[in-house]
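The values are calculated or read from the model by the stated rules, or taken from the named source; none is laboratory data. Just so it is clear, the structure is predicted and the values come from calculations on it, not from any experiment. Here Cβ is always computed from backbone atoms with ideal geometry, including for glycine, and neighbour counts include all displayed protein chains. Heavy atoms of the whole protein, side chains included, go into the accessibility calculation; ligands, DNA and RNA do not. Shrake-Rupley method; radii C 1.70, N 1.55, O 1.52, S 1.80 Å.
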2 protein chains.
Amino acid sequence: MDIADSSSDVIAKRPKSSRNDDDYFRSYADLAVHEEMLRDTVRTNAYRIAILGCCDQIAGKVVADIGAGTGILSCFCVQAGAKKVYAIEASGIVHRAAEVVKSNNMEDKIEIIRGRVEEVELPENVDVIVSEWMGYFLLYESMLGSVIYARDKWLKDTGILLPNTASIYMAPLTCQEYGEECTGSSNEQTDAVLVDTVEMQVKFWESMKQSYGVDMSCIAGYAKQNFLSRVHLGTISPQYLLSHPCKVLEIDIKSITQTDLNKLTGNFKFQCFGNANIYGFAGWFSVSFPCMKDVKISTSPLSHPTHWQQCILYIESPTRVEQDTVIEGNASFMQNKTMGRFLDVSLQYSVGEKNHGIRHFTLDDLCIS
Amino acid sequence: MDIADSSSDVIAKRPKSSRNDDDYFRSYADLAVHEEMLRDTVRTNAYRIAILGCCDQIAGKVVADIGAGTGILSCFCVQAGAKKVYAIEASGIVHRAAEVVKSNNMEDKIEIIRGRVEEVELPENVDVIVSEWMGYFLLYESMLGSVIYARDKWLKDTGILLPNTASIYMAPLTCQEYGEECTGSSNEQTDAVLVDTVEMQVKFWESMKQSYGVDMSCIAGYAKQNFLSRVHLGTISPQYLLSHPCKVLEIDIKSITQTDLNKLTGNFKFQCFGNANIYGFAGWFSVSFPCMKDVKISTSPLSHPTHWQQCILYIESPTRVEQDTVIEGNASFMQNKTMGRFLDVSLQYSVGEKNHGIRHFTLDDLCIS
């Protein structure tokens with residue numbers, strides 16, 4: 001099948017020797033990313049049910065799939081009765097998508113268009129926009145901007161978006177303290193807040209003198225600041241949450257503007273469950289869909305784990321709270337100014353009467369690996 | 001302390017706003033890499049013992065530390081009595097090294113020089129070159145070329161190199177077959193050959209029809225070829241080795257030339273332990289040191305695990321062998337032509353009477369993450 005193309009960078013049309021290496025290697029990386037997303041059954045099943053459940057609004061209609069990847073959401077739309085699906089995808093994975101469309105005999109319904117959303121043209125407006133645009137902490141490397149662009153350009157006034165709402169949640173976190181019995185547990189990797197990892201960073205560099213006879217404690221402060229300036233990813237056990245979660249932000253995908261997206265800010269207020277030390281805050285998101293009100297993707301520590309995991313914002317030093325202590329403040333989310341796909345998060349909060357000022361975090365490539 | 005500088009790219013001298021972002025983010029990444037290397041006690045203790053054990057040859061002498069990192073090997077050399085150490089390092093980690101040198105009161109002995117080995121100058125020739133230059137499968141992103149350059153330019157005829165020998169080993173591998181009781185084990189990540197991962201790749205794409213109602217089996221072949229074209233990293237349990245290991249290559253660091261390094265080839269011959277299927281070959285390396293003949297770093301599946309893990313070269317389809325079946329052939333190691341830090345490995349082998357032709361593998365960034 002033919003792939004409509006608005007990009008100057010198409011692997012299939014170029015001889016092997018002149019392939020762009022970045023693209024060549026990235027196409028392998030892409031496949032691994034899509035495999036991870038398809039293995040995430042919470043994510044993929046939610047889209048499947050939401051799309052099939054919207055068949056009344058999709059049957060006989062025109063759909064745009066923004067960032068179509070392997071094309072699976074486009075196939076779901078055809079299964080829901082879509083008359084036509086424009087599957088827009090910028091990366092080399094379009095070649096796999098084309099094979100999938102052909103294998104499922106949907107070539108007459110799905111038109112794959114290779115290119116960036118902002119650079120392609122569609123021959124008609126659409127009734128439905130479907131997109132899996134969410135990144136870590138909702139907004140890291142997120143394609144929400146592209147969805148807004150597509151909505152403003154192609155979506156009919158009566159059209160629908162899947163998903164149509166996205167929310168960010170937070171909650172204060174406690175953890176096992178460094179030195180308690182679980183220290184050094186092999187669960188360190190999977191259970192990110194099992195022990196006080198900030199203190200573990202410091203202890204590691206201080207231990208070099210003992211381990212190897214060379215004093216490296218001078219690196220501890222630098223490593224600690226490095227650690228504290230980053231958003232960490234991990235799967236958080238619910239017992240570490242110190243209060244009910246608070247919805248910090250709710251985004252209506254139908255009405256949010258690019259300007260809104262430049263800086264999203266929301267408030268939180270937590271009432272602590274009991275006496276403990278706070279080591280930081282957990283953050284996660286959910287999205288929901290029209291038609292199927294009870295179908296949503298939640299990446300909460302209280303829900304089934306997803307590939308998005310949860311985010312952890314560590315604070316400088318443990319802060320004591322008691323039953324009913326109130327933690328309140330606000331969180332802002334912005335694109336990193338120098339690296340657009342990175343996410344900057346600012347946190348301003350008080351614990352009881354004490355104002356803890358403002359703290360800044362970045363979610364960048366290093367947080368992911 | 002001052003850092004002698006031959007690089008135009010020094011973070012400390014530039015105002016924050018004009019920082020090169022790549023360098024800025026990389027300096028954090030560097031720290032994580034060095035932390036991982038320092039946590040590898042097999043590696044760091046071997047260097048410590050080898051250097052202190054060479055004190056007769058180091059005391060009162062001049063040393064070059066090639067790719068000094070946090071400066072720990074330079075400190076070991078001073079502890080072994082070195083008169084002077086030139087610690088050459090290209091990355092931003094030099095600022096941490098400078099702090100370490102100061103903390104250990106070695107500023108009069110260690111001179112940190114920021115820059116690429118090929119671009120810096122030393123005021124004198126050296127008696128000793130110490131370097132931890134080894135990458136995955138010995139040669140991935142390896143700095144052996146820089147060590148050769150430094151040796152030819154600065155090392156006195158009577159000088160010594162630490163390490164002075166490096167060897168690559170291989171052995172045929174069997175594994176648990178897909179569908180046997182351990183399938184889907186949570187050990188999948190850490191024990192890379194627990195199950196037939198090639199077959200798992202294929203089954204995954206074939207299962208999409210069942211899971212989500214979309215036929216994606218067309219991707220299976222592509223995913224399989226992608227998987228088979230890559231060198232995989234993992235920690236291999238010794239019970240999966242199907243013969244005694246064979247030393248494929250031995251490199252004398254004192255005499256190897258840049259020309260030799262362009263293509264290294266060695267032969268192997270294995271005699272199988274029993275009746276089983278071969279799924280591929282394991283590869284690893286060791287390095288040894290002068291003076292301390294019994295000190296070496298071995299990354300074998302039979303030794304204590306290191307951060308280098310082992311490499312796995314999967315073959316197209318399982319091949320049956322019996323007790324004493326002979327597998328022989330040769331392996332070649334070359335820099336990837338388009339991406340210099342990637343490693344290409346070619347394997348030519350026969351199993352019993354049957355010639356299996358030549359297979360090509362690449363060890364690239366995707367293999368690491």
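Using the heavy atoms of the protein chains alone and a 1.4 angstrom probe, what is the accessible area of the protein assembly as shown per residue in square angstrom?
For the protein assembly as shown, the solvent-accessible area averages 42 Å² per residue.
If contacts are Cα pairs under 8 angstrom and at least 6 residues apart, what is the relative contact order of region B:317-358 in percent?
35 percent
Using a 1.4 angstrom probe and counting only protein chains, how large is the accessible area of B:ASP215 in Å², to 10?
40 Å²
Using helices alone, what [θ] at 222 nm do you get for chain B, with -39,500 (n - 2.57) per DSSP H run of 4 or more residues, divided over all residues and rounded to the nearest 500?
-7500 deg cm²/dmol
Two decimals is fine: what's Rg over Rh for region A:204-308, C-alpha atoms, Kirkwood radius as Rh?
Working: Rg = 19.7 Å, Rh = 17.8 Å.
Ratio of gyration radius to Kirkwood radius: 1.11.
Give me the percent of accessible area attributable to carbon and sulfur for region B:229-321, probe 1.4 angstrom.
Accessible surface attributable to carbon and sulfur in region B:229-321 totals 49 percent.
So what is the relative contact order for chain B, in percent, with contacts set as C-alpha pairs under 8 Å and at least six apart?
Reported relative contact order: 16 percent.
So for A:MET143, A:MET106, what's the accessible-area order with a 1.4 Å probe, most first?
Largest accessible area first, the residues go A:MET143, A:MET106.
Mind checking which of A:PHE281, A:THR257, A:PRO301 is farthest towards the positive end of region A:257-338's charge dipole, using Cβ charges of +1 (Lys, Arg) and -1 (Asp, Glu) about the Cα centre?
Final value for the positive-end residue is A:THR257.
Placing the label point 7 Å from Cα along the Cα-to-Cβ direction, what are the distances from B:VAL42 to the equivalent spots in the other copies, shortest first, in nm to one decimal?
3.6
Could you give the dipole magnitude of region B:31-140 about its Cα centre, charging the beta-carbon of Lys and Arg +1 and that of Asp and Glu -1, in debye to the nearest 20?
Charge dipole of region B:31-140: 260 debye, to the nearest 20.
Under the rule that an exposed site lies in a DSSP loop and has at most 11 other Cβ atoms within 10 Å, name the longest stretch of chain A with no GluC sites (Glu not before Pro) of that kind, not counting the sites themselves.
In chain A, the maximal stretch lacking such sites is A:182-321.
Run the dipole for the protein assembly as shown about the Cα centre, Lys and Arg Cβ at +1, Asp and Glu Cβ at -1, nothing else charged, and hand back the magnitude in debye, nearest 20.
500 debye
Toward the positive end of the charge dipole of chain A, about the Cα centre and with charges on Cβ (Lys, Arg +1; Asp, Glu -1), which of A:PRO318, A:ILE168, A:GLY352 goes farthest?
Going by the charge dipole, the pick is A:ILE168.
From the label point of A:THR338, set 7 Å from Cα along Cα→Cβ, how far away are the matching label points in the other copies, in nm, ordered shortest to longest?
Spacings between copies for this position, smallest first, are 3.0 nm.
Given 20 Å bins starting at zero, what is the percent of C-alpha pairs of chain B in each, up to the one with the largest pair distance?
The calculated distribution, bin by bin, is 27, 51, 21, 1.
Suppose you put the label 7 Å out from Cα in the Cβ direction; list, shortest first and in nm with one decimal, how far B:GLN258 is from each other copy's label.
In ascending order, 5.0 nm.
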